[in-house]
Structure formats: C-alpha cells, structure tokens
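One structure below.
Coordinate-derived values only; no laboratory data. The model shown is predicted, which means the values in this text are computed figures rather than measured ones. Cβ coordinates were reconstructed from backbone atoms using ideal geometry, including for glycine residues, and neighbour counts include every protein chain displayed.
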C-alpha cells in the first residue's frame with residue numbers, strides 16, 4: 001500500500017517536473033558533444049529506476065550501468081532523484097559513465113565544485129520490463145551429454161540446471177538415427193550417430209551425442225547352468241555381440257517351469273532367478289528382434305527356514321524370531337473337536353507374528369478316529385481360526401500312536417475328510433502333517449494328487465532329494481532368538497504353498 005502511494009505522489013511530481021522542464025529547456029548552445037539533451041530521458045526512465053529499486057522488474061547489466069546516475073555502483077531511489085533534478089533543470093548535466101580503464105579520484109577541496117560527467121545515448125532502451133522473462137548467462141546443463149542406445153531403446157533427456165521459466169526445445173541432427181519428442185524422450189531408430197540439441201528461449205543451449213548400435217545377432221547369459229536351493233535367489237544378466245546393444249525395454253525373460261523357478265526382470269539387461277521348489281527348469285532371455293539364450297537351473301535343497309509353535313512355547317518375541325532369520329511360522333490353532341480346545345495363545349501369537357512381518361500358517365492337532373470325527377475337528381478348527389488371513393496352508397496334524405494302527409484306507413479317509421471340509425467351506429489351502437514313514441504305508445499317495453500340501457517329520461533326515469514334500473520338520477530342539485526353550489525347526493521346499501488366502 002505504501003508503494004502504491006509512493007508511485008501516485010511520484011507520478012504527480014513527475015508531471016510537474018516535466019512541465020517545468022518543458023518551460024525551461026536547456027538551450028542547444030549549452031549542449032556539448034558529451035552532454036545529452038533533456039528530451040533524451042523522461043519520466044518513464046525514472047519510473048523504471050523506481051520499479052527496479054523495489055524489485056518489481058529486472059534490468060540487464062548495461063541498463064543498470066546506464067541508470068546509475070549517482071555513480072555509486074548501485075541502482076537506488078537516489079538515481080531517480082538525480083534524473084528528476086536533471087529533468088527539472090536543477091542540474092545541467094548527467095554524469096558520464098566512467099571509463100572502466102581509468103580511475104577517477106574525487107576532489108578533496110571543499111571549495112571546488114564536484115566534477116560531473118556527461119552521459120552518452122543508451123544502446124538499448126528499457127521497455128515493458130514487467131512482462132519480459134528473466135534471462136541469465138547462456139549456461140545449460142543436461143542429465144547426459146553422450147549415450148549409447150540399441151535400436152528401439154528410449155532415453156529421457158532433460159536439463160538439470162535452472163531453465164528460468166523457459167520450455168526446453170529438442171532437435172535431432174538426424175531423425176533417421178534418433179528422434180527427440182517435445183518432452184526430451186529420445187528414441188533410437190537406426191544405427192548411426194545423431195546429436196540432440198536442447199535450447200532455451202534465452203539463448204542457452206547444450207547437446208547430447210547419441211550413438212545407436214545395431215541390433216544383436218547373438219546374446220549369451222552370465223551362466224549357462226546353475227545349481228541353487230529354494231529361496232537362494234540369483235541375479236543374471238544378458239550381453240550381446242560386439243558392436244551391438246540390447247534394447248533392455250523390449251528384452252523378455254521367462255522360465256520353462258514357473259512352479260520350480262520364477263523370474264523377475266530388473267533394470268537394464270538383468271534378471272533375478274527365484275527358485276521356489278525342487279527340480280529343473282530353464283531360464284531364457286529373448287531380445288526384441290528375436291535373438292535368445294537360456295540357462296539350465298537345477299534346484300535342490302532349501303534355505304527357507306520355518307518354525308512351528310504352540311502355547312507350550314510361552315511368551316515369544318516375534319521381532320527377535322525374524323531377526324534370527326525366520327520369516328515363516330506355523331501356529332497351532334488347537335486340537336480335538338471342541339472350541340474349548342482352541343490354543344489359548346493362537347490369537348496373540350497370530351497378531352504378534354503378523355505385526356513382525358512373518359508369514360503365518362496354522363495346524364490342528366487331531367485325535368480323530370473316523371472320517372466323521374475328522375469333519376467335526378475341521379468345523380471346530382475353522383471356528384477357532386475365525387477367518388484370519390493365512391499365508392500358508394492349514395495343516396491336519398496326525399501323529400498319535402493309536403492312529404498308526406489304522407489301515408492306510410482308514411487313515412487316508414480321515415485326512416481327506418478333514419482337508420475336503422476345509423477347502424469346501426473356506427478359502428484356505430489344506431495339508432497333512434505326518435511322520436515321513438506314514439507316506440505310502442498309512443497315507444495314500446493320492447492325498448498329494450488331490451492338491452493337498454504334505455508336511456513331513458523326519459528328525460535329522462535329508463529330504464533334499466525328494467520333490468514330493470513341501471515342508472520338512474528336521475528337529476524338535478532348535479534354539480531361536482525370542483523363544484525360551486526348544487522349538488521345532490523346518491525347511492520349506494516348496495514356496496508355491498506360500499500365498500495369501502482368507
């Protein structure tokens with residue numbers, strides 16, 4: 001508000017001053033070659049000085065030098081005052097712009113009049129400064145100045161220095177080799193070299209050299225064969241023949257059997273091989289022009305550790321469990337066919353384990369002596385779990401001594417009844433836990449054929465050669481951080497059983 005009042009008073013004053021200057025002009029006889037007539041400057045110039053002093057406009061270095069009438073090296077209200085006095089005829093001349101190669105020493109004699117310097121005509125008059133974009137020295141930095149691309153590959157070019165409000169403009173010197181979109185995206189079209197020029201409206205410009213290599217005639221992977229364990233991920237890359245380049249954006253990766261090995265495409269020409277179950281599969285890579293290569297991956301053994309616990313373990317620090325290298329836990333939900341037999345720590349264990357980031361499964365300890373009893377246990381189990389989301393199957397634990405006396409047909413029927421009820425009345429996957437010796441003797445192999453997961457117990461045994469079982473309980477006396485006392489230890493041999501269901 002003060003600035004507006006200032007300009008209003010200033011304009012009124014300027015009108016009066018202009019009128020006065022008109023009635024009392026400097027005569028032509030009083031002018032010298034080094035002086036400038038009053039008509040060469042006006043009220044508009046004083047206004048420009050005031051606006052610059054108030055940071056409302058910008059001036060070039062030459063204009064700042066031109067308007068520095070008091071010659072103090074700055075543009076201030078004082079310079080406007082000098083110009084006003086000049087326009088009114090109070091002073092006869094404006095100071096000259098000092099010669100930068102000479103030094104002028106002011107007089108120390110107080111009786112001696114101050115030396116004044118005549119001014120020459122400005123080389124450029126300042127007009128409409130409010131609408132002119134800010135200009136800076138012609139400096140423009142790009143995120144890259146030289147790149148290599150394969151045919152079809154893209155690259156985003158952009159300024160990393162201040163553009164001062166100007167939109168970058170991109171031009172290719174050879175659009176047959178590489179073209180540049182308005183947003184700076186470069187697309188390689190054919191082998192050769194082109195230059196992408198980026199320029200701004202203030203004259204700043206910079207260039208990026210683009211070399212486009214031919215498409216691959218041959219590629220190879222970092223390994224032709226690999227031996228890995230379940231959970232032992234491996235990063236592999238693809239390279240091409242000399243003088244060519246793979247378009248990483250069109251490069252495809254795949255697996256001949258994703259049940260055994262999965263692939264995850266990474267940046268560049270890289271891929272992560274993810275072994276998820278035991279067996280053999282081929283990982284392949286294929287370029288955009290159809291050139292391919294493959295790697296044989298044999299998966300045997302596992303690095304994926306899992307524990308199973310019940311209320312017998314007491315208080316458990318699941319954050320410490322995970323810090324010990326265990327990302328999976330199977331919780332006992334209960335036993336028998338009555339809801340009162342629900343494990344009294346199942347709920348607290350579940351929420352604490354999920355909070356710590358562990359993948360969670362569950363099991364139900366069985367006393368069933370018939371298929372009818374197995375269904376009752378399945379109903380009670382679902383009631384106890386109460387719809388909680390599980391990351392692994394819900395297992396039916398059969399291991400009682402008296403159950404080992406049942407025939408294979410009877411025991412298999414009990415297990416099928418429990419698992420069938422679970423899968424028919426929920427979205428959980430079902431499975432069976434039993435001693436490894438029961439497989440084939442007490443449990444029919446058709447259980448696996450029905451899609452149920454098989455978790456076996458064989459203490460101190462090696463199951464790495466068997467591809468039929470998903471989990472192997474190998475110890476009952478494991479020591480794990482966050483748990484007091486012994487705990488059951490397992491390896492997961494099939495990560496395909498790990499998925500979310502509710």
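Given axes a ≥ b ≥ c from the Cα gyration tensor, I'd like to know whether region 430-502 is rounded (a/c under 1.5), prolate (a/b larger than b/c) or oblate. Mind showing how you got there, number by number?
On the way: a/c = 2.12, a/b = 1.40, b/c = 1.51.
Here region 430-502 falls in the oblate category.
Please work out the Cα center distance from region 54-87 to region 212-289, rounded to the nearest Å.
68
Of the peptides 359-367, 453-461, how do they stack up when ordered by the mean number of other Cβ atoms within 10 Å, highest first? Kindly include the intermediate steps, with their values, before the conclusion.
Numbers: 359-367: 23.0, 453-461: 18.4.
Averaged packing, sorted descending, gives the order 359-367, 453-461.
Let me know the shape class of region 344-469, please: from the alpha-carbon gyration tensor, a ≥ b ≥ c as square roots of the eigenvalues, rounded when a/c is under 1.5, otherwise prolate if a/b is greater than b/c, or oblate.
Verdict is oblate for region 344-469.
Take the alpha carbon gyration tensor of region 219-301, find the square roots of its eigenvalues, order them as a ≥ b ≥ c, and report rounded if a/c is under 1.5; if not, report prolate when a/b exceeds b/c, else oblate.
Taking the square roots of the gyration eigenvalues as a ≥ b ≥ c, region 219-301 is prolate.
Please report the spacing between the Cα centers of region 374-395 and region 162-207 in Å, no decimals.
62
Going by C-beta contacts inside 10 Å, put 299, 477, 498 in order with the fewest on the left.
Details: 299 25, 477 10, 498 19.
Going from least to most buried by this count: 477, 498, 299.
What list do you get for 74, 294 if you sort them by fewest beta carbons within 10 Å?
Ascending Cβ contact count within 10 Å gives the list 74, 294.
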